[in-house]
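Bear in mind these aren't lab numbers, they're just calculated from the coordinates by the rules spelled out. Note that the structure is predicted; figures quoted are calculated from it, not measured. Every residue, glycine as well, gets a Cβ built from its backbone with ideal geometry; the counts of neighbours run over all protein chains shown.
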Amino acid sequence: MKHYQYCVYAKNIEIYAPIGLYEAEKIINNHFLVNVKVCSNTPFDGENYMNYVHIVDVVKLCFNQSDMILEVIANHCINQLKLKLPIANSIEIDIQKRHAAFDGQSLEGLGITLIKEFSFG
């Protein structure tokens with residue numbers, strides 16, 4: 001018997017939020033693009049499925065937190081997504097801060113990727 005893994009994703013969720021280590025970042029809204037991929041080995045049916053709306057809603061709520069660094073926000077998003085989507089066996093989130101100023105240079109983006117796998121049994 002073949003085992004399948006299926007994934008759903010939300011790509012380039014656009015978020016504007018006052019998140020960052022520096023005071024100026026907490027005053028202005030930084031521009032973020034967020035990509036999320038949620039995978040499961042559980043076959044989907046009318047009751048077991050991963051809802052795209054949950055993914056987008058959870059990401060937006062996570063950026064309403066007062067956390068200062070993207071790593072904390074990413075981890076919080078993964079934990080909240082797992083609660084909403086219990087059949088997930090892995091969740092990947094990529095957060096890119098757009099048009100970041102870094103060391104006197106203007107960069108297209110800086111960011112992080114966090115991947116968490118869940119074991120069952």
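Here are the numbers:
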{"quantity": "GNM result for the chain, Cα springs below 10 Å: residue of His99, His76, His31 fluctuating most strongly", "calculated": "His99"}
{"quantity": "Förster radius 25 Å - calculated FRET efficiency between His99 and Asn79 (Cβ-Cβ, nearest 0.05)", "calculated": "0.30"}
{"quantity": "Label point distance in nm, Asn41-Val53, each placed 7 Å from Cα along Cα→Cβ", "calculated": "3.0"}
{"quantity": "Volume in Å³ per residue [convex hull over Cα atoms, computed for the stretch 6-117]", "calculated": "89"}
{"quantity": "For Tyr6, Tyr22, order by how many other beta-carbon atoms lie within 10 Å, fewest first", "calculated": "Tyr22, Tyr6"}
{"quantity": "Derived scalar couplings ³J(HN,Hα) [the stretch 87-92; Karplus, 6.51 cos²θ - 1.76 cosθ + 1.60; whole Hz; x for Gly, Pro]", "calculated": "7, 5, 10, 7, 9, 10"}
{"quantity": "R0 of 41 Å, Cβ-Cβ distance Met68-Cys7: FRET efficiency to nearest 0.05", "calculated": "0.85"}
{"quantity": "Contact order relative to length of the stretch 6-117, as percent, for alpha carbon pairs under 8 angstrom and 6 or more apart", "calculated": "27"}
